[in-house]
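What follows is a single structure, written as structure tokens, with notes after it.
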Amino acid sequence: MELLSRTVLGALSLSVAFAGSANAVEAFRKPTVCTQGGNGTSLLACHGSPVSIHADAADWPGVLRAAHDLALDFGRVTGTNGTLTATGSAAGNASMIFNVTGINDDWSVSGSSAASSSAGTIIVGTIGHSSLIDGMIASGQLDVSEIEGQWEAYVSAVVHNAGNMKGDVLVIAGSDRRGAIYGIYDVSEQIGVSPWYWWADVPAKSHQNIYLLKTTKVQKSPTVKYRGFFINDEAPALTGWANDRYPLSPYGAPFGAEFYSKVFELLLRSKANYLWPAMWNGMFNVDDARNQPLADEYGIVMGTSHTEPMVRATNEWTKVANGTGQTWSWSTNNETIYDYFYEGAQRAAPFENVVTVGMRGYHDTSMTADVQTELLEAVVRAQQEILNDIHGNASDIPQMWCLYKEVQDYFEAGMEVPDYVTLLWTEDNWQNIRRLPVGDEKKRSGGAGVYYHFDYVGDSRNYKWQDTIQLQKTYDQMKLAMDREATRIWIVNVGDIKPNEMAISHWFDIAYDMHSYDAYSVPEWMAGFAARNFEPEHALEIADIMDEYGMLANMRKYEWVEPSSYSVLNYEEADHIIARWEALAEKAMAVNSALPAEQQPAFYEMVLHRVLAGGNHVDIQVSGARNIIYAQMGRNSANRWMQRVIDGMHKDHNLTERYHTQLNGKWDHMMDQTHLGYQGYWQQPMRQSTPDLRWVMTMERSLAGDMGVSVERSNATVPGDDQYHSNGGSSLTLPGMTPFTPKRFVEIAHRGTGPFDWNITADPFITLTQASGTMHPDDDDLRVYVDVDWTKVEDGFGAQSTLAFWSSTGYGTQGGQPQVMVMVNKTSIPSDFHAGFVESAGQVAFEAAHYTRSTHGSSDEEYMVLPKYGRTESGVKLANNLAEGLDSSSAPSLEYDFVTFTPTTSDMGLNVTLILTPTLNINPEKPLAYIAQVDDKEEMRREYVIDQPQPNFPVNWGEAVADSAWYNTTNWGEVAPGKHTLKLWLVEANVVLQKVYMDLGGVVYAHNGPPESYRVGGNSTMGM
């Protein structure tokens, strides 16, 4: 059986006629307008001749608002605003939305350029709320049979001589108000106005002409019913920014109608419909009396977070409610809390809300120390009584119970809530879904959903500063949710909104139409996003940049990157990671330089800042590690690495200041979040600080002499004393070398005050990148690579070779002439070994996707590759998200052939370590598990993770989310040198394998594990 595969991204499919991008995988982006005439197109708008937009004044306020935006959007693109005509009576149509956003009562579009006559016509409206739309339906001019009565669907069609109009008219008819709004904003995005035109300063694409394509577009209901985000953890950045930009409310919160009007518009332009408002510093219904009516007029469904029941903000309890000063405890204060709940539900009754039910402790804490289901059931019964009293029937009101943290324990203990209440499952705050519906849970009329995080405050450590979301993982986890029927609500914690622009857009696109995507679509989605927001000719390059960024940032969230995270001694791991960041920065800066000046601020906000600041952050930590290690070695260079850390701190500050000051300071305070200086505690540092550093005195002679020699995988230096070499003496040992190992290296460093000449003598079969030279006190350390000319060594050769080092200044008082020993073995692969991996000096490592073969089990299950997923290359998982409870007879196998040379013993056997994504067992009865077998040894089943009641997570969960990986090791006892096969069976759907490594005594620490070994029958990545 072959793993499912497809070309990840060949060439971006961009329609030459389409003003934006026509991503081949997105049905909902089917073009209805273009920028090139011909082939039956008709002119819709041009510079100097506006489009004429018509609506019914009695339609929903949000539809009229979107139509007004569309008129302005045509002006942003062509230089001539469209005209908006609202016919009929607007009696009873609220005007809050227009007062807040400055739309004139006469429906004119302010700032319109003078125009002689209209070029083309658009009619927009909602079925049943627009006489214009209903008239065309009644006359047979418009067919809405495929969307009528549906949720948030729309038809976009060309109607000739619609109503009393002449010529071809673009008609957008929504099945409901949001369907119409999405259809309107779809045209805005097509002509070149990004949903991020305000929040990320994406300039509109300029076009002289916009043409109407004679096509019909039927947009079905979204995959997920309620799709939204949660503004949370919104200080210091968003709160500081909003305090500066907007007047404060009487309660000191800056989040009023002017702020939320921008949020609502972003949501609707992004095809979203749902919001949990700012919680830390906000009281949505109290801060500004206009907030809730404004949301409803826009068409935004409001909710409140998992810890804010009955449409009341957390801060209301202590600041404005009758319960001020009283205990937030149902068992001791239920009468006061009942009234508090009632007031919240009654206040929200006229508006569209999803009501949060249940109850947690005050401000995101547990309600009780133990699970008391009867107590919480009493709370929910009271809430249903309130809703019945206010609405007549509580079951008519959308409700959700968020099973966050300890609340899930109540459900698992048997607590019941009404069937019509949506169960909102959660992840572990680190993008790993904890639970999804199983069995009869899928039959609940209220359905299920998922609460997810792009930002978090709490264990194991905050991550608030910068976007670290890998879109491949978002897709994989949410596709799992869709397949497991959790599609009623998807809500994601986005922190300050910025700088999560790309992750937010991706979230809303997959929630809107998950069926347009698959596991291979992320690079193509990124290219489409780049083409729509920047220049299409740079789309592929920007997609490559952000794809690489996602992998690098996901290796380890910035707040968890410490000096010890990436090894500076082993496998050149830190060198390769820093090199990737530097190459990424160079590529991003080149794109930035090639972009038009007006696009560069947006590029900085969405791409360049996170690339430059992210790479700099990692560089600071790696440089700090070098400083400490090299100071322990007595190297002069330790001081240069110390200075590099300090320079990096200044660079971090300067990058933030650039963010704050561009566009006349529009985004001052964004990126204020501290991120440097975590000290082993989950909470943020109150002030930025460097990692621990050491300074070396370079003005005095070193007792160990001027020259120091070190080798990879060791922090010792020769010649040395106990300070520089744990055993004293003058020799070190390099890892062994075979034809299948990478080059090894030694480093020569200055540890004194004067220049010295040096040279290395070695056996004739040893090759060196440099054998002699001169070093001065301020010179950088020199890395010399050691290799073997295998043509000069006989087959089967095995001996220790010595590299002797000489220095013109002699040696210190504690050691003699430095020597480096290396064992050289000319091993060979068996002639009948045609595919697989070859041992590299005591270790074998390979990427999961580089299997030798895969075979079917008794089921029809098969594996799929998730390209660019995880920390190193890709992930492999079962293609069927409903698969569970498999065994080695039913599951397909992954087989990896390998060759070893090092014998093992029964005491020190072969250790096989799997690096897996830190996903969790979404079915509480089915621990995540795999089965392994080496050769014909007995199969070994490993159940490596099962979720636990709060406050506990699975064993080693904290380390797993910090590492972005589960490590699971099996020992196979004595394995003789020769050919072998590792067989693996992934037996649960949410098991994702990234990499495997085998230890025969040669594995040393690296965050991402040893690099992939020499590969026969494939492209080797040895040494990378």
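For the stretch 226-517, the residue among 261, 404, 380 whose Cα projects farthest onto the positive side of the dipole built from Cβ charges is 261.
Among 341, 1006, 596, flag the residue with its Cα farthest along the positive direction of the charge dipole of the chain, charges on Cβ as +1 for Lys/Arg and -1 for Asp/Glu. Farthest along the dipole direction, towards plus: 596. Remark: the stretch 858-865, residue by residue, has Karplus-estimated 3J(HN,Hα) of 6, 8, 8, 5, 8, 9, 9, 9 Hz, where x stands for each Gly or Pro and the curve is 6.51 cos²θ - 1.76 cosθ + 1.60 at θ = phi - 60°. Only the Cβ atoms of Lys and Arg (+1) and of Asp and Glu (-1) were treated as charged; on that basis the dipole of the chain about its Cα centre amounts to roughly 1420 debye. Charged neighbours of residue 549, selected by a Cβ distance under 12 Å, balance to 0 (K, R count +1; D, E count -1). By the rule of a C-alpha distance below 26 Å, with chain neighbours fewer than 8 residues away ignored, the lysines paired with residue 651 are 464, 498, 557, 587, 666. Short-range pairs are left out: with C-alpha atoms under 8 Å and at least six residues apart, the relative contact order of the stretch 707-825 is 33 percent. In whole angstrom, the chain maps to an equivalent ellipsoid with semi-axes of 56, 32, 30, each derived as √(5λ) from the alpha carbon gyration tensor and ordered largest first. Whole-Hz Karplus values for the stretch 937-951 come out as 5, 5, 4, 10, 9, 10, 8, 9, 7, 9, 5, 10, x, 6, x Hz, taken residue by residue from phi with 6.51 cos²θ - 1.76 cosθ + 1.60 and θ = phi - 60°; glycine and proline positions read x. Pairs over the 20 Å Cα-Cα cut-off, from the set 937/983; 405/443; 220/271: 405/443.
Along the chain, the longest continuous region that contains none of the chymotrypsin sites (Phe, Trp or Tyr not before Pro) in a DSSP loop with at most 12 other C-beta atoms within 10 Å is 1-680.
Relative contact order of the chain, taken over Cα pairs closer than 8 Å and 6 or more residues apart, is 9 percent. Close amide-amide hydrogen proximity is noted between residue 356 and 304, 310, 311, 400, each under 5 Å apart and 5 or more residues distant or on a separate chain (H modeled in the peptide plane; Pro and chain starts excluded). The Rg/Rh ratio for the stretch 627-731, using Cα coordinates for both the radius of gyration and the Kirkwood hydrodynamic radius, is 1.17. Can you tell me the orientation of helix 637-665 relative to the chain, as the angle in degrees between its alpha-carbon axis and the longest Cα principal axis, to the nearest 10? Between the helix axis and the principal axis of the chain, the angle is about 10 degrees. The angle between the Cα long axis of helix 373-391 and the main principal axis of the chain comes to about 30°, on a 0 to 90 degree scale. Across all Cα pairs in the stretch 27-219, the calculated P(r) in 5 Å bins from zero up to the longest distance comes to 1, 8, 17, 22, 23, 17, 9, 2, 0 percent per bin. Between amide H atoms placed 1.01 Å from N, distances below 5 Å from residue 470 occur with no residue 5 or more places distant or on a separate chain. As an equivalent ellipsoid, the stretch 226-517 spans semi-axes of 26, 25, 18 angstrom, where each value is the square root of five times an eigenvalue of the C-alpha gyration tensor, largest first. Ordering 563, 500, 653 by Cα displacement along the dipole of the chain toward the positive end leaves 653 in first place; charges were set at the Cβ atoms of Lys, Arg (+1) and Asp, Glu (-1). What separates the Cα centres of the stretch 389-435 and the stretch 934-967 is a distance of 27 Å. Magnitude of the charge dipole for the stretch 556-665, about its Cα centre and with charges confined to Cβ atoms of Lys, Arg (+1) and Asp, Glu (-1), is about 180 debye. Any idea what angle helix 330-348 forms with the longest principal axis of the chain, computed on alpha-carbon atoms, 0 to 90 degrees, nearest 10? Long axis of 330-348 versus the principal axis of the chain: about 60 degrees. Computed about the Cα centre, the dipole magnitude for the stretch 204-332 is approximately 860 debye when only Lys and Arg (+1) and Asp and Glu (-1) carry charge, each at its Cβ. Each residue of the stretch 33-47 was assigned a 3J(HN,Hα) from its phi angle through the Karplus curve 6.51 cos²θ - 1.76 cosθ + 1.60 (θ = phi - 60°); the sequence is 9, 8, 10, 10, x, x, 6, x, 6, 10, 5, 9, 7, 7, 5 Hz, with glycine and proline shown as x. The shape of the stretch 388-437 can be summarised by an equivalent ellipsoid whose semi-axes, obtained from the alpha carbon gyration tensor, come to 25, 12, 8 Å from longest to shortest. Under a 5 Å amide H cut-off, with hydrogens placed 1.01 Å from N, residue 731 pairs with 819 among residues at least 5 apart or on other chains.
Read the figures in this text as sums done on the coordinates, not as results from a lab. Predicted model only: the values in this text are computed from it and were never measured. Note: ideal-geometry Cβ built from the backbone for every residue, glycine included; neighbour counts use all protein chains shown.
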